[in-house]
Amino acid sequence: MKKIAILGATGSIGQNACQIISENPDKFSLEFFLFNKNMKKAQEILKTLEPKFFITSNKEIFEKYKTSYKNLLFVSDLEKIYQDSKIDLTLSAIPGSEGIYPTYLGCRYSKVCAISNKESIVCAYEFIKNLRAKIILCDSEHTSLEQLIKNENKKEIEKLILTASGGPFWNLSLKELEKVSYKDALKHPSWNMGKKITIDSATFMNKAFEIIEAALYFNIKNIDVFVHRKSFIHAIVKFIDKTYKFSVSFPDMKTAISYCLNYPSRLPLKIPSLEDFLPLELKLEKKDLERFKCLEFGFLGIKNLDNILFRSLLVFADDLAINLFLKQKLSFLQIYNFIKNFIEKNIGKFQNPKNIYELLDTFKMLKEKYSCL
Ligand SMILES: NC(=O)c1ccc[n+]([C@@H]2O[C@H](COP(=O)([O-])OP(=O)(O)OC[C@H]3O[C@@H](n4cnc5c(N)ncnc54)[C@H](OP(=O)(O)O)[C@@H]3O)[C@@H](O)[C@H]2O)c1
C-alpha cells in the first residue's frame, strides 16, 4: 500500500488523483492533503478517502472549521505532519509560486515527489533535486518525454519537442488578439484545468515554463515546440538518425497522474482509446513567436538556465500579470511587455538565491513590493 500526500487535492490535478486513488483502494491510501479554501471539495475527499489529516493554508477556513474537524490543521503544521507520516509519494499540484515551499517539503520527506507545479521546477530545481525524494514530473508532455527517453542513449538524442494545443486563440490574428478578454482565455479547447494554467496556455507562457522545466530536468537544451490542435500527441523526441519517437494518448491528465502515482509501473485506466477516433489527424504546426510572444521566455530561460533569479522573476511576474489580466487591468497582448519590463527592472535589484530560504525571501520581498498591484 502506497501512502500518498496531495498538495492541492481540491484542484483539477488533485481531483483526478483522488479519483484514481478511490478506484484503487488496494494500492493507495491518502494520508493527508493540503488545500486553500474549497471546503466543500475537501469534505467530499474526507468522506471518500478518509485521510488522517487535511490541512488548509487559509486562516479563515481554519478558524471557522477547526472545532468541527479535529483533524483539520493549519499549513504551519505541514512539516510536522510530513515528519510523522512516512509518505511514499507526494503529488505536488498547487499552482504558481505558492506551490514552491510545500513542494520542497514533499521532496524532503517523501520517497517520490511527482511534480505538476512546474513553477517549483522552474524556480527551485537546484534546491529540491538532491533532497530525499526521487523527482518525477507529472505533466502530459514531461511524463511522456520521460517514457520516450527511458532506455535511450542520451548522446543519440538530437532534440526534444514539446507539443502545444495552441489554446483558445490559435486561429486569431494579432489584431483580433487585441480584443480578447480573460473570459475568452478561460475557454480552453482541449483541457479542463485550473484558472492559472488555462490563461498560461492561452499566452503560451505555460509552454515557456515547460521548456525551462524540460531543460533543467532532462539536462537537454535543444528543445522545440510544435502545435498539435487535437492534443493527443504529447511529446516527440528526435534522434540523430532523424527518427522521431512520438508519445500519443487521449488527452486526459489521468494518464500522466496514474503513471506517476503507480511509478514505476503502469495502471489500467478507464479513459477513451485512440482507436475510437480513427482516422487520427497528426497535423503539426510551427510555433508563432509573433502572435504568442510569451513563448520567447522559454528560449530565453534556456539561455539563462543557471540564473535562478531570472527564472524566479519570470514566475513571479507571470503570477502578477495573470492577476492583473483577471482584474482587467492588463490586456492580453500587454502581458508579454509587462513580464519583460518587470524582469528588466528587477534583475539588478535582487541577489541570485543560493538556497530555498533565500528564494522564499526573494518572493516575500517581491510580494511586499508589489502588494499594491
Ligand atoms: N490542470 C491540469 O490539467 C494541469 C496539467 C499540467 C500541469 N498542471 C499544473 O498543476 C498545478 C495545479 O494545476 P490545477 O489546474 O490542478 O490548479 P487548480 O485547479 O487551480 O487547483 C489548485 C489547487 O491548489 C490549491 N491551492 C491554491 N493556492 C493554495 C495555497 N496558497 N495553499 C494551499 N493550497 C492552495 C487549491 O485549493 P482550493 O481549491 O481550496 O482553492 C487547489 O486544491 C499547476 O502548477 C499547473 O501548472 C496542471
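When only residues in region 190-215 that are of a type outside the set (S, T, N, Q) and over 14 Å from the mean Cα position of the chain (by Cα) count, which is nearest to the ligand (Cβ to nearest atom)?
Ala202
Suppose we filter Leu373, Leu282, Leu289, Leu324 for residues that are surrounded by fewer than 19 Cβ atoms within 10 Å (Cβ to Cβ), modelled with pLDDT under 95 and closer than 28 Å to Trp170 by Cβ; which single one remains?
Leu282
Can you name the residue in region 24-59 that is free of Cβ contacts under 8 Å to residues at least 24 places away in the same chain, away from the ligand (no atom under 12 Å from the Cβ) and loosely packed, with under 15 Cβ neighbours inside 10 Å and is also nearest to Ser76 (Cα to Cα) among such residues?
Glu50
Considering only region 171-199, how many residues are without any contact (Cβ under 8 Å) to a residue 12 or more places away in the chain and either among the acidic types (Asp, Glu) or in the same structural domain as Ile322 (by TED's automatic domain parsing) (or both)?
1
Starting from residues that are without any contact (Cβ under 8 Å) to a residue 60 or more places away in the chain and surrounded by 24 or more Cβ atoms within 10 Å (Cβ to Cβ), keep the ones in region 106-132 and report whichever is nearest to Ala317 (Cα to Cα).
Of everything passing the filter in region 106-132, Ser120 is nearest to Ala317 (Cα to Cα).
Surrounded by fewer than 23 Cβ atoms within 10 Å (Cβ to Cβ), among the charged types (D, E, K, R), under 13 Å from Glu141 (Cα atoms) and more than 16 Å from the ligand (Cβ to nearest atom): which single residue out of Asp224, Asp184, Asp241 fits that description?
The conditions single out Asp224.
With the requirement that a residue be near the ligand (Cβ under 10 Å from one of its atoms) and among the aliphatic types (A, V, I, L, M), what does region 3-23 give you?
Across region 3-23, the qualifying residues are Ile6, Leu7, Ala9, Ile13, Ala17.
The values are calculated or read from the model by the stated rules, or taken from the named source; none is laboratory data. These numbers were taken from a predicted model, which means no experiment stands behind them. Note: ideal-geometry Cβ built from the backbone for every residue, glycine included; neighbour counts use all protein chains shown.
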